[in-house]
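First the structure, in the form of structure tokens, and then the observations on it.
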Amino acid sequence: MIRFEDVSVTYEGAAGPTVTGVDFEVPEGELVLLAGPSGVGKSTVLGAVSGLVPHFTGGTLRGRVTVAGRDTRTHQPRELADVVGTVGQDPLAHFVTDTVEDELAYGMESLGLAPAVMRRRVEETLDLLGLAALRGRPIATLSGGQRQRVAIGSVLTPHPQVLVLDEPTSALDPAAAEEVLAVLQRLVHDLGTTILMAEHRLERVIQYADRMVLLPSPGATPLTGTPSEIMAVSPVYPPVIALGRLADWTPLPLTIRDARRQAAPLRARLADSPSRRDSPTPASGPIPAPQQHRFRSRFRRTTPTPAPDHQHLARIHALSLRRDTTQALRHIDLTISKGETIALMGRNGAGKSTLLNTLVGLLAPTTGTVTVGGLTPHRTPPPTLIRQVGLVPQDPRDLLYADTVAAECAAADKDAGATEGTCRALVSELLPDITDDTHPRDLSEGQRLALALAVVLTARPPLLLLDEPTRGLDYAAKARLVSVLRSLAAEGHAIVLATHDVELAAELAHRVVLLAEGEVIADGPMAEIVVSSPSFAPQVTKILAPQHWLTVSEVREALR
């Protein structure tokens, strides 16, 4: 159905090809997963299937890409639209109408389908993706995850033979991601749809893939094989694979179920560890100094002990916020203290981004109060506020407006009153291979996010807010981000992450605040909240239950 024949793509002004030697086939009715580190060209490969590369992006494509027998060099994207449905990393760039229902119908209107057919398919898609309650909503009022589901739905309604998906679960909560992936699996198994998908959160998708294509590094020849074969050599792999490698399991498990079947000996070894996690109170015995604070913070009582007043960086009291006809937040009471890392979690549309936007002054409370560093955010001038609180939004392009990385960094240094080179040093830590003259638009989604984070961190705000900070990041980039954020927390910065990435939360957060329908429904230590949640528990917790381990790094430390 999809055939790449010795394909290379070189963009104008680039020192070399973005991808080279791409040669693989996706048979009809298979789900093939495209994997690799950030910036290796996965989006370029996907764009070549729909014809966006090179017709819209420019550059030179050598070799041949065919879809259902059509050569993408000689067929414009509009001439492939009846065969290929594409969802990119940015849902907003995908939308052409104002409401959910209109967006689901638009692709079918373009193809001239009968009104009765369109109506039936819209209803089917609303039910498939859990969008029925949103059918009349303006797209502008939806959360990032809701927009992602609408974008996926809009390419499903025309019933394309091929789906090309670039990080389709990146903005989805765990339950919504499972629903979407179940729908995709149904399309493959029942309707014979062919799917080529790129995804960094391999823990979510690897068990659904028939085959994998690995781009190991920029310019390297891709590897193809079964998920088991690729995971044995891949530089990017999910926690279940990391745990399997640590424990020398053969074959390497791809799913929680397979891992649990091999986990009994490992659980027995961990049961004798002095840092075992099978009860809310750590077992007696020496605990290494760096771990001591983590155990205490993660196993405090459900309502965190209030810090002294001078320790609080932010206070939210009786906060409610209404946006148009939607009650986005209801009666929120929250304090954020120095050195604290909080994971703000909950399903799509629960109010996470809205809460962050009130803390940074983009939205004013309907009732209640918000103070940050003694200031009222929505009444404070931005030059003053950025020295107290910084927000990295879901779409990092909202912060990036210069033509080069160097210009972005120079502007960030000037705005923050920082020493020249401060921002560039942060970029080098997060993005070691990015040059000064690179245009932000030429960066991958994950690289743009890292650049935006460096821009915000330049002002060294005591309170740092991040909205879905691991979208587009591979595991190595995520580890670098964790290292930076841990250092900031150790210096006394407070960090609040609105995230669906349970693995990131397990690595980083001391405390979880769980939102539902704009209300706080749980607020407590990371371990207590996630261990009891089938949706938000990380892979290691599920594999090693009933013992309470959260991450591979904790298991590795215990085995030493």
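All of the numbers you see were taken from the coordinates with simple rules; none came from a lab. Since the model is a prediction, treat every value here as computed from it, not as a measurement. Note that each Cβ is placed from the backbone with ideal geometry, even for glycine, and that neighbours are counted across all protein chains shown.
Listed by chain and number, the lysines placed with their C-alpha closer than 26 angstrom to that of residue 352 are 338, 478, 542; residues fewer than eight positions away on the same chain are left out. Remark on region 19-122: hydrodynamic radius 15.7 angstrom, per the Kirkwood mean of 1/r across alpha carbon pairs. Cα-based values for region 310-427, radius of gyration first and Dmax second, are 16.0, 46 Å. Estimated at 0.36 nm per residue, the fully extended path between residue 14 and residue 97 surpasses their Cα-Cα distance by 26.4 nm.
Residue ranges 463-472, 324-333, 512-521 sort as 463-472, 512-521, 324-333 when ordered by packing (mean number of other C-beta atoms within 10 Å per residue, highest first).
For region 324-374, a Kirkwood hydrodynamic radius built from all Cα pairs, placed in the Stokes-Einstein relation at 4 °C and 1.567 mPa s, yields a translational diffusion coefficient of 105 µm²/s.
Extension gain for residue 533-residue 482 works out to 16.1 nm (0.36 nm per residue, less the C-alpha to C-alpha distance).
Ranking 94, 21, 526 by Cα position along the charge dipole of the chain, where only Lys, Arg, Asp and Glu carry charges on their C-beta atoms, puts 526 farthest toward the positive end.
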